[in-house]
Amino acid sequence: MKILYATSECAPFIKTGGLADVSYALPKALAKSGAEVSVVMPYYKTVKDKFGDKLEFISHFNVPLSWRNIYCGIFKCIQNEVTYYFVDNEYYFLRGSVYGDYDDGERFAYFCKAVLEMLQHIGYYPDIIHANDWQCSMIPLFYKGFYQRIYEYSGIKTMFTIHNIEYQGKVSYSFLEEVLGMDDYYMRFLNFGGCINLMFSAIVLADKITTVSESYADEVKNPYYGHGLDMVLGGVSYKFCGITNGIDTDLFNPQKDESLYRKYSLKSMGGKKICKKRLQEDLGLEKDPDCAIMSMVTRLVAHKGLDLVDCVLDDIMTRRIQLVIVGTGDSRFEHRLRDAAAKYNGRLSVNIRFDPGLASRVYAAADLFLMPSKSEPCGLAQMIAMRYGTIPIVRETGGLKDTVYPINPQTGEGRGFTFKSYNAHDMLDAIDRALKLYYDDKAIFKQIMHKNMEENFGWEKSAEKYLAIYESM
Ligand code: GLC
């Protein structure tokens, strides 16, 4: 089974969000299960700067994109039995930012076309092309329009995975001819909601569609979560399902994590206490080993639940608690949190930056981890927190619901504190329940913490599910 995994970001080469973690860990797990796996991504400036000297140049050719005929170089490396291909075009990818340019539609149209074009130049024909998010959503479309009738390509099947439905690749109608280079016939696969919607085309044309948790696959069929695509996803139920992500348990392992102040494991939990003490020192928090630390490692945006935090932040700070926040995002939340940090000096630490090392130290040092998302396709942070012995407080939605089972404080069953409605006071109630257990029933709190650390959040089970779908295709 040969799988080509197409993605716009992949750790350690380039990471802006959870997609990069999945693009690293899933192919690695698939390869472990015996599949022959390649990953293809753009050759961004950061990748060139940091990894350029480790890559081998293997081919170059031109990619036709409407009236354009554009250079494409292919670089390659092999890691963990996975082959990585990098699509090089300096005009499109040698830029400061990964996303957010005015011509993102054209940049990723080029990438999708280059992925398909590449196959005949490097003589590699996968059984499956697995495309992720809107940036890779034109692969099924181009396959249908330009490649499926070429003999060597004719057996390829396409899978499309939704990690983020909020970005769908919406462009104007002129994109059809001007960028995609396709005629009116193809409009039926693209025209949705008064514009060209690239994600829509992948949902219609890919052989299989998946998203990153079972609950989220149900939720997106409702308007509250579907961002306009709910009816379309409801209509393709026959080929659409959810597979819950895992985390890379080698990478996220308190026993091996080099960025921690002190490593620890279930057998020697002293390290976690040291992590707490040192973090309090480093972040200027009051030195109080008994005070509960609640943390958030998140993008500071409304749908991650920052609205709720904003609403009851002063109430939270009336509790006996220290709060540590790491992340960047909307300036309104950044400002609000900075102001609050000044007000609650010594008890609230706000770190407006993207810093994986600090994130690890915070997962390790905290007692509780707050993730009150409005919607969450899967979420990885809650699983990382549990692996580091930090009990999550989450809203019951998407992947959070599938990975964090509610705690019964009497029996110690469950994994975290949960609430249902997207409501700030329901969240506050969950925080209060967590604090009550933390201060009043240390034995049960510890029992849950230890059980979570033993839980296997690895990729093996999910990789098997992907393989079963690939086989079925
Ligand atoms: C996106 C989703 C997140 C998911 C990740 C990886 O970032 O928002 O919930 O865990 O993709 O699939």
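The values are calculated or read from the model by the stated rules, or taken from the named source; none is laboratory data. All values derive from a computational prediction rather than experimental measurement. Methodologically, a virtual Cβ is constructed for each residue, glycine included, from the backbone with ideal geometry; neighbour enumeration extends over all protein chains shown.
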Practice task
For segment 361-384, indicate whether the set of residues that are polar (S, T, N, Q), more than 14 Å from the ligand (Cβ to nearest atom) and crowded, with 23+ Cβ neighbours inside 10 Å is non-empty.
Solution key: no
Problem - Among (1) touching a residue at least 12 places away in the same chain (Cβ under 8 Å); (2) farther than 17 Å from Glu376 by Cα - the single one Leu400 does not satisfy - result: (2)
Fill in the blank from the handout: Note: among Met453, Met371, Met449, Met427, just one is of a type in the set (A, V, I, L, M, F, W, C) and under 18 Å from the mean Cα position of the chain (by Cα), namely Met371
Problem - Filter result (within 16 Å of the ligand (Cβ to nearest atom), crowded, with 24+ Cβ neighbours inside 10 Å and not hydroxyl-bearing (Ser, Thr, Tyr)) within segment 389-415 - result: Pro392, Val394, Arg395, Gly398, Gly399, Leu400, Val404
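Please give the strands (runs of 3 or more DSSP E) falling wholly within segment 307-410 in which 3 or more residues are closer than 15 Å to Leu283 by Cβ, in contact with a Lys or Arg (Cβ under 8 Å, 6 or more places away or on another chain) and modelled with pLDDT of 95 or more.
Working: elements: 321-326, 348-351, 368-371, 391-395.
Of the strands (runs of 3 or more DSSP E) lying wholly inside segment 307-410, those with at least 3 residues that are closer than 15 Å to Leu283 by Cβ, in contact with a Lys or Arg (Cβ under 8 Å, 6 or more places away or on another chain) and modelled with pLDDT of 95 or more span 321-326.
What number of residues within segment 267-278 are over 17 Å from Ala366 (Cβ atoms) and assigned to a loop (DSSP other than H, G, I, E, B)? Full working, then the answer.
Taking segment 267-278 first, the residues over 17 Å from Ala366 (Cβ atoms) are 267-268.
Now drop any that are not assigned to a loop (DSSP other than H, G, I, E, B), which leaves 267.
Number of matching residues: 1.
Has segment 188-198 got any residue that is crowded, with 17+ Cβ neighbours inside 10 Å and within 21 Å of the chain's Cα centre (by Cα)? Before the answer, list the steps.
Residues of segment 188-198 crowded, with 17+ Cβ neighbours inside 10 Å: 189-190, 192, 196-198.
Filter once more, keeping what is within 21 Å of the chain's Cα centre (by Cα): 198.
The answer is yes, given that some residue of segment 188-198 is crowded, with 17+ Cβ neighbours inside 10 Å and within 21 Å of the chain's Cα centre (by Cα).
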Exercise for the section: Could you check Ala20 against (1) at positive phi; (2) within 14 Å of the ligand (Cβ to nearest atom) and say which number it fails? Expected result: (1)
